[in-house]
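**Q** Below: one structure in structure tokens.
Please treat every number below as a calculation from the coordinates, not as lab data. Predicted, not measured: the structure shown is a model, and the values here were computed from it. Positions of Cβ are backbone-derived with ideal geometry, glycine not excepted, and every protein chain shown enters the neighbour counts.
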């Protein structure tokens, strides 16, 4: 996409930019991406960012602190990043909060994580409501403490107010992508067995509709902190064409400027989806 810039490097808003801003402000009326990132064309902003929040434990260990303190500090980064994403006009943010593999961790750490989740469900509700942020939770409910499920259910219910536009914060909790896809296959197989669909007519859209993320756009950008070069069973179907951004920054140190860097890197990418670059 050709862009026109001023001498200072700011983008000049063309028709595509105006359309992007109009779409963004229908969901985020207060968003002002040009004030935050004047050098990024609005049409090049990711609509959906998924994040693997890695490095909480390492952050704490490096400071001689218990791992629990790293998770608490990481929760502060969640608040900063989600708020800044809204100001940038990002409509969807999905956070890998607790994976199905995380049950392998020490019981004490798991208990701390569950308590932290329950606490923040209640503590952050007023701010989420103030910013019209809709919370969605994806993952399995199996094995989750009843009190945590109740807190999550209340959070989802309270933040889904009909008629109010707003961004979506999606929490992947007790989530594993292979399990998600397997469950989707079972759902489709049951429909085929019942004669509701012919196996020959099953499409990629049918699979997508059977995933936890049904109704959400696929992530445009996947951010992973702490330098690990893997996707860790996260949104494997959905990130098929996502741009990957890996930073050595540990999650508790990932701030608003870190998000800006990731978005700028994304905006410089040439997304071809298997085709050729546009002239």
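**Q** Which residue fluctuates most in the GNM of the chain (Cα springs below 10 Å): 69, 114, 144?
**A** Highest fluctuation of the listed residues: 144.
**Q** What share of the DSSP beta bridges in the chain is antiparallel, in percent to the nearest 5?
**A** Percentage antiparallel, nearest 5: 5.
**Q** Put a dot 7 Å past each Cα toward the Cβ at residue 207 and residue 144; how far apart are the dots in nm?
**A** Each label point lies 7 Å from its Cα, and together they span 2.5 nm.
**Q** Under 4 °C and 1.567 mPa s, how fast does the chain diffuse according to Stokes-Einstein, given a Kirkwood radius computed over C-alpha pairs? Answer in µm²/s, whole number.
**A** The estimated diffusion coefficient comes to 64 µm²/s.
**Q** Right, here's the next one. Quick check: the distance between the Cα centres of region 81-95 and region 157-227, to the nearest angstrom?
**A** 20
**Q** So for region 40-126, Kirkwood radius off the Cα pairs, Stokes-Einstein at 20 °C and 1.002 mPa s: how many µm² s⁻¹?
**A** 148
**Q** Grab the Cα-Cα distance for residue 232 and residue 80, subtract it from 0.36 nm times how many residues apart they are, and report the gain in nm with one decimal.
**A** This chain segment gains 52.3 nm when fully extended.
**Q** Pick from 189, 75, 60: which is most flexible by mean-square fluctuation in a GNM of the chain where alpha carbon atoms under 10 Å apart are linked?
**A** Judging by the Gaussian network model, the answer is 189.
**Q** Same structure again: From the gyration tensor of the Cα coordinates in region 95-144, what semi-axes in whole Å does the equivalent ellipsoid have, largest first, with each one equal to sqrt(5λ)?
**A** So the three semi-axes of region 95-144 are 24, 13, 8 Å.
**Q** Here is a follow-up. Please arrange 201, 109 by how many other C-beta atoms lie within 10 Å of their C-beta, fewest to most.
**A** 201, 109
**Q** Which of 225, 249, 187, 182 has the fewest other C-beta atoms within 10 Å, and how do the rest follow up to the most?
**A** 182, 187, 249, 225
**Q** Ranked by Cβ crowding within 10 angstrom, fewest neighbours first, how are 237, 59 ordered?
**A** Fewest to most other Cβ atoms nearby, the residues stand as 237, 59.
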